[in-house]
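Novice: Below is one structure. I have some questions about it.
What follows is calculated from the coordinates using simple rules that are stated; it is not laboratory data. Everything quoted here is computed from the prediction, not taken from an experiment. Using ideal geometry, Cβ is built from the backbone for each residue, glycine included, and neighbour counts are taken over all protein chains shown.
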Amino acid sequence: MPHLPELIAPRVSASSRTIALVTDKNDWHARTLGKAFAALGAQILLLKLPACGFDTATTHGLCLPDFELGLPDAVLVRDMAGGTFQAVTLRLGFLHALQEIGIPVWNGARSIERCVDKSATSFLLARAGLPTPMTWVTESREAAAEVVRREAGPFVLKPLFGSQGRGLRLLHSELDLPAPAEVAGVYYLQRFVGVERDGFRDFRVLVSCGRVVAAMMRHSSHWVTNVRRGGKPVAAVADATMRDLAVAATAVVGANFAGVDMVYDQDGRLSVLEVNSMPAWSGLQRTTSVDIAATLAGDLVASLRLQVLRNV
Ligand SMILES: Nc1ncnc2c1ncn2[C@@H]1O[C@H](COP(=O)(O)OP(=O)(O)O)[C@@H](O)[C@H]1O
Ligand SMILES: [Mg+2]
């Protein structure tokens, strides 16, 4: 196998590291990360995935606008815009390719795939024996109706690729099941485990490098507690059970960092609802004195330093 030419080797030197921040918007997250990396002697360059692709005529085979001087030392994926099935496949393939070349990608394409597809997350959590509500996923409306008739409900119907609490429905009977076209042909049904006590609550726990960075409770009059849906972020301290579960759930999807959503069920047991591989943290930041951007930047830069030491 040919050696990677010097020319395209990632620039994992001690000084002036360049981190490609994958995002389509230069928002608060991008700005705070920019400052956090700058404080560590690294610079970020925004990388818009829709503008990237492959070019097998080049040495590395990739096409990255704004990176003419060389590939980045690492890639931090802040968010990925939606697109057609083919566009999203291309973008994930591009992230896979960066890792093939040897560039650290946080989070890597595999963990993004495992989190964006809620059925994959549910499967992996259950397989690892982590507490998560019972989940059934099928393309057949009849099979979904059979689940709703057979199992104890109610059920949450979630878009397979959903985020920020969009498109969730509570189902009490098979009559509530929408037509296939309304669910993009996939029924993701999860047992509803929410408990109403002066509104609803769930927890968001941010994990990075195998430890909890910060946690918050989200309180809402609605059972969908996402901050984007009006949930109020409240400071919370994760106890050992919550910390261990959040760290284990992050490991199960293979993520370097993740936002883990959890809820206490009727019996006071903690369950993982989903794992976010591209978590936003503006709501969480309002509840904690921990500088989240600085922590993530510090973890990524520290891992690059370790990589340098290992290669010496
Ligand atoms: N099985 C469930 N039982 C009770 N509440 C749930 C369940 N699933 C989701 N929720 C509520 O809906 C919110 C959004 O669900 P989640 O699975 O995190 O999807 P999203 O990707 O849209 O955030 C959760 O934060 C929680 O408040
Ligand atoms: Mg969520």
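Novice: When the chain is fully extended, how far beyond the present Cα-Cα distance does Glu100 get from Glu68, taking 0.36 nm per residue of separation?
Specialist: Here the segment from Glu100 to Glu68 would lengthen by 9.6 nm.
Novice: In the Gaussian network model of the chain, springs joining C-alpha atoms below 10 Å, which of Thr288, Thr135, Thr59 carries the largest mean-square fluctuation?
Specialist: The residue with the greatest mean-square fluctuation here is Thr59.
Novice: State to the nearest 20 debye the size of the charge dipole of the stretch 239-312 about its Cα centre, where the only charges are +1 on K and R beta carbons and -1 on D and E beta carbons.
Specialist: Dipole magnitude for the stretch 239-312 comes out near 380 debye.
Novice: Under a point spin-label approximation (7 Å from Cα along Cα-to-Cβ), what is the Ala294-Asp176 distance to one decimal in nm?
Specialist: Rounded to a tenth, the inter-label distance reads 4.5 nm.
Novice: Which far-off residues, 5 or more places away or on another chain, put their amide H under 5 Å from the one on Val195, with H placed in the peptide plane?
Specialist: It is Arg201, by chain and number.
Novice: Also: Please compute the net charge surrounding Ala97, taking Lys and Arg as +1 and Asp and Glu as -1 over other residues with Cβ under 15 Å from its Cβ.
Specialist: Net of charged neighbours comes to -1.
Novice: Ignoring GluC sites (Glu not before Pro) that are buried or in helix or strand per DSSP, and keeping those with at most 10 other beta carbon atoms within 10 Å, what is the longest stretch of the chain between them?
Specialist: Within the chain, the longest run free of exposed GluC sites (Glu not before Pro) spans 69-195.
Novice: Please list 3J(HN,Hα) in residue order for the stretch 117-126, calculated via the Karplus relation 6.51 cos²θ - 1.76 cosθ + 1.60 where θ = phi - 60°; whole Hz, with x for glycine and proline.
Specialist: Going residue by residue, I get 8, 4, 5, 5, 4, 4, 4, 5, 4, 5 Hz, with x marking Gly and Pro.
Novice: Continuing with this model, one more query. Given the options Ala144, Ala181, Phe155, identify the residue whose Cα lies farthest towards the positive end of the charge dipole of the stretch 135-191 (+1 on Cβ of Lys, Arg; -1 on Cβ of Asp, Glu).
Specialist: Of the listed residues, the answer is Phe155.
Novice: For every other residue with a beta carbon closer than 14 angstrom to the beta carbon of Gly61, add +1 if it is Lys or Arg and -1 if Asp or Glu, then tell me the sum.
Specialist: For residues surrounding Gly61, the net value is -2.
Novice: Can you give me the Kirkwood hydrodynamic radius for the stretch 135-191, using every pair of distinct Cα atoms, in Å to one decimal?
Specialist: 11.0
Novice: Of the candidates Ile19, Ile101, Ile44, which one comes out as most mobile in a Gaussian network treatment of the chain with C-alpha springs shorter than 10 Å?
Specialist: Among Ile19, Ile101, Ile44, the largest GNM mean-square fluctuation belongs to Ile101.
Novice: Using a simple spin-label model with points 7 Å from Cα along the Cα→Cβ vector, what separation in nm is obtained for Ala39 and Lys25?
Specialist: According to this spin-label approximation, the distance is 2.4 nm.
Novice: Moving on. Just to be sure I understand: with springs between alpha-carbon atoms less than 10 Å apart, which residue in Pro178, Pro233, Pro131 has the highest mean-square fluctuation in the Gaussian network model of the chain?
Specialist: Maximum fluctuation in the GNM of the chain, among the listed residues, is at Pro178.
Novice: Something else about it: Give me the dipole magnitude in Debye, nearest 20, for the stretch 135-191 about the Cα centre, with unit charges on the beta carbon: positive for Lys and Arg, negative for Asp and Glu.
Specialist: 220
Novice: Need one word for the stretch 171-312: rounded, prolate or oblate. Basis is the Cα gyration tensor (sqrt eigenvalues a ≥ b ≥ c); a/c below 1.5 gives rounded, then a/b vs b/c decides.
Specialist: prolate
Novice: Return a whole-number percent for the relative contact order of the stretch 135-191, with Cα pairs under 8 Å and 6 or more residues apart as the contact set.
Specialist: Relative contact order for the stretch 135-191 comes out at 52 percent.
Novice: Right, here's the next one. How much length is gained if the chain between Arg166 and Ala87 is pulled fully straight, taking 0.36 nm per residue apart and subtracting their Cα-Cα distance, in nm to one decimal?
Specialist: 26.3 nm
Novice: Right, here's the next one. Considering Cα pairs under 8 angstrom that are at least six residues apart, work out the relative contact order of the chain and quote it in whole percent.
Specialist: In percent, rounded to a whole number, it is 17.
Novice: How big, on average over all directions, is the shadow cast by the Cα convex hull of the chain, in nm²?
Specialist: The orientation-averaged projected area of the Cα hull of the chain comes to 17.6 nm².
Novice: What dipole magnitude, in Debye to the nearest 20, does the chain give about its Cα centre under +1 on Lys/Arg Cβ and -1 on Asp/Glu Cβ?
Specialist: The calculation lands at about 600 debye.
Novice: With contacts defined as alpha carbon pairs under 8 Å and 6 or more residues apart, what's the relative contact order of the stretch 1-157 in percent?
Specialist: Contact order relative to length: 20 percent.
Novice: Compute the angle between helix 28-39 and the longest alpha-carbon principal axis of the chain, please, reported from 0 to 90 degrees and rounded to the nearest 10.
Specialist: So the inclination is approximately 40 degrees.
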